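Single-structure report; data block below.
Values quoted throughout were computed directly from the atomic coordinates according to the rules given, and no laboratory measurement underlies them. Small disclaimer: the values here were computed from a predicted structure and weren't measured. Virtual Cβ from ideal backbone geometry, glycine too; neighbours counted across all protein chains shown.
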Amino acid sequence: MTTRGKCSADFEPATIQLSILGVEREVSLPVPRGESSPLELLPIAREISRQATGVALEAAASRGEHVPCRAGCAACCRHLVPLSSLEAVALADLIAALAPERRSVIRDRFAGAVRRMETEGILDPDAPKGRSSLCAQSRADESLWENASRRYFALRIPCPFLENENCSIYEHRPMSCREYHVTTPAELCAVWNSGAKETERPVRMSEELADVMSSLFDVHALLIPLPLLLEWAEVHGEKLRKTRAGEVMFRALLDQLGDDAPQP
C-alpha cells in the first residue's frame, strides 16, 4: 500500500490517497489536533483497514469468489488473535467501563483462557504478568506463533467476547478480525490447515500499529495474544496513556504504511 497525504492547516480533517492492489482510493480522516491520546489513532487505522479490506473483497468478487463469512459463523473466533499494544489498551479500557457484573463475567473468561493455555503448555505459568510471549514446541516447519496458534485452536477456546456464536464487541473488534475473510466453504474454517483460502490482506493493521507504538511510545511488545490483553495492559498500559501531537502520530502511521508498501 502506498499513501500520499494532504492536510488542512490545522490537520483536521485530512484527505489521503491510498493505492491498494492497484486501486486508487481517496479517504477523508478525522486527524486529532494538538496533544492527543494515541487511542485517537484507532478510528483512523480502522478506516484505512476498512478501505483496504473493501478493495480486497471487491477483487475477490470480480473473480467470482464468494465470501461466506457471516454473523453466527464463529470458527475464526477460536483462533489465537494477535493484537497491537494500542488495541490491547483500548479493549482493556472497554472492559473497565462495563457494568460491574458484566465486567466480572468477561474478566473471568479471560482468566479461564489464560489458565487453559498455561495448563496446555502454550504459556509459561511462572512468567510474570505483563508477558506477551508464548511457549512453542520445536518444529522446523512452524514459527513460534504458528505452533502456539495450532495448539490453541485445537483446544477450541472461544474468544472471551464471543456470545451465542456472535461477537459482543463487533464495533470494537480487533484489526485481525476485521481483515480476515475466506472464499472457501465455511465448514473448512473449523479444521486446522484444511485448505481454507483467505482473501488478500493489503494491510495488516495490528502489525503496523505495533510498530508505530514502539517508535513513538517505547512499547517493545510485538503482537500480544488476545487472552493476555488484560494483564499486559495492567502492567504496561501506562506507556500509552501519554500524549503526543496528533499530527505527529498521524504522520507516523502514514509513514509506517508507506514503508511497508510492496515495492515495484
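Test of understanding: ordering Asp126, Asp211 by Cβ neighbours within 10 Å, fewest first, what list do you get? Display every interim value, and only then the final one.
Numbers: Asp126 6, Asp211 17.
By the 10 Å Cβ count, ascending, the order reads Asp126, Asp211.
Given the rule -39500 (n - 2.57) for each run of at least 4 DSSP H residues, summed and divided by the residues of the chain, what is its mean residue ellipticity at 222 nm, to the nearest 500 deg cm²/dmol?
Numbers: 8 runs with 106 residues, N = 264.
-13000 deg cm²/dmol, from helical runs alone.
For the stretch 58-132, max minus min Cα coordinate along each principal axis, in Å, sorted largest first?
Rounded to whole Å, the extents work out to 49, 33, 24 Å.
Test of understanding: what is the full-extension gain from Glu146 to Arg103, defined as 0.36 nm times their sequence separation minus their Cα-Cα distance?
Details: separation 43, 0.36 × 43 = 15.48 nm, distance 3.08 nm.
Length difference between fully extended and current span is 12.4 nm.
Starting from the Kirkwood Rh over alpha-carbon pairs, what translational D in µm² s⁻¹ does the chain have by Stokes-Einstein at 37 °C and 0.692 mPa s?
On the way: Rh = 19.6 Å.
For the chosen part, D equals 168 µm²/s.
Kindly point out which whole DSSP H helices in the chain project their C-alpha atoms 27 angstrom or further along the helix axis while averaging a Kyte-Doolittle hydropathy of 0.5 or above.
Details: long enough: 41-62 (32 Å, 0.53); 100-119 (28 Å, -0.99).
Within the chain the helices that satisfy the rule are 41-62.
Give me Lys197, Lys239 sorted ascending by neighbouring Cβ count inside 10 Å, so fewest comes first. Present the calculation step by step, with values, prior to reporting the outcome.
Values: Lys197 12, Lys239 17.
Lowest count first: Lys197, Lys239.
Report the one residue of Ala59, Leu228, Leu42 whose Cα lies farthest in the direction of the positive end of the charge dipole of the chain (charges on C-beta: Lys and Arg +1, Asp and Glu -1; origin at the Cα centre).
After comparing all options, I get Leu228.
What is the calculated FRET efficiency for Glu35 to His172, with r their C-beta to C-beta distance and R₀ = 30 Å, to the nearest 0.05?
Computed FRET efficiency for Glu35 and His172 comes out at 0.80.
Tell me the label-point distance for the pair His66, Glu238, using the 7 Å Cα-to-Cβ offset, in nm and rounded to one decimal.
If labels sit at His66 and Glu238, their model points lie 5.5 nm apart.
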